[in-house]
Amino acid sequence: MFALAGKYFTIFFFSMLKFVGGPIMGTTFGFSWTLTAFITILGMMTSVTFFSLVGKPAKEWINKRFFSKKRLFSANNRRTVNIWRKYGLTGVAFLTPILLTPIGGTIVAVSFGESKGKIFIYMLVSAVFWGVILSVVIQRFGQLLHLV
């Protein structure tokens, strides 16, 4: 029982930090794509909920702690602002599971002043979309390559 709970927690934890890690771990453990997608979505939404509540203070602390000499107009900052201007919250939410982390995408959305409710809804839609797609694709390719 503890081994199974540990596997669930591993999928949950990986998807909190890097979304793609959830489906990879779920496939590795031999879980169905539906269970893997569900746990992955829960993991991402836990990160989104936590960092939307503490987003601004967390961003300030991270920047002060790890990036004290950070340039204001870096290439990464310009890219983030351009993505936000072009696509807004929809684009950030769509790209969060694939390119950004759940933590990074949420902090970007909070930094640009979006409401917590909108962030939660958009990220949930994105998590469900990408969770199902990635779980199915990774499981199918894992079976084709005899990884599971």
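The values are calculated or read from the model by the stated rules, or taken from the named source; none is laboratory data. Keep in mind that what you see is a predicted model, and the values were worked out from it rather than measured. Here the Cβ positions follow ideal geometry from the backbone for every residue, glycine too, while neighbour counts run over all protein chains shown. Areas reflect the complete protein model, heavy atoms only, side chains present, ligands, DNA and RNA absent. Shrake-Rupley method; radii C 1.70, N 1.55, O 1.52, S 1.80 Å.
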Inset, instruction - For Met25, Met44, Met1, give the ranking by accessible area with the largest first, probe 1.4 Å. - result: Met1, Met25, Met44
Inset, instruction - Would you calculate the separation in nanometres between label points at Lys118 and Phe13, each defined as 7 Å from the Cα along the Cα-to-beta-carbon direction? - result: 3.5
Inset, instruction - Would you please give the residues with an amide H less than 5 Å from that of Phe31, counting only those at least 5 places away or on a separate chain, with H modeled from the backbone geometry? - result: none
Legend entry - Label point distance in nm, Thr46-Arg79, each placed 7 Å from Cα along Cα→Cβ: 2.9
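Relative contact order for the chain: what percent, with Cα pairs under 8 Å and sequence separation of 6 or more?
34
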Inset, instruction - Please turn the phi angles of region 34-43 into ³J(HN,Hα) values with the Karplus equation 6.51 cos²θ - 1.76 cosθ + 1.60 (θ = phi - 60°), one per residue in order, whole Hz, x for glycine and proline. - result: 5, 5, 4, 4, 4, 5, 5, 4, 4, x
Inset, instruction - Identify which of the listed values of Cα Rg over 2.2 N^0.38 Å was calculated from the structure shown: (1) 1.12; (2) 1.03; (3) 0.96. - result: (1)
Inset, instruction - Output ³J(HN,Hα) for region 61-66: one whole-Hz value per residue in order, computed from phi by the Karplus curve 6.51 cos²θ - 1.76 cosθ + 1.60 with θ = phi - 60°, and x for Gly and Pro. - result: 5, 4, 5, 5, 6, 10
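Quote the FRET efficiency, to the nearest 0.05, computed for Thr28 versus Phe129 with a Förster distance R0 of 22 Å and r equal to the Cβ-Cβ distance.
Efficiency, from the Cβ-Cβ distance: 0.50.
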Inset, instruction - Give the angle, between 0 and 90 degrees and rounded to the nearest 10, that separates the Cα long axis of helix 75-95 from the longest principal axis of the Cα atoms of the chain. - result: 50
Inset, instruction - Quick one: what are the phi-derived ³J(HN,Hα) couplings along region 12-28, Karplus 6.51/-1.76/1.60 with θ = phi - 60°, whole Hz, x for glycine and proline? - result: 4, 5, 4, 6, 5, 8, 9, 3, 5, x, x, x, 5, 5, x, 5, 4
Inset, instruction - Give the relative contact order (percent, whole number) for region 83-144; include only Cα pairs under 8 Å separated by 6+ residues. - result: 31
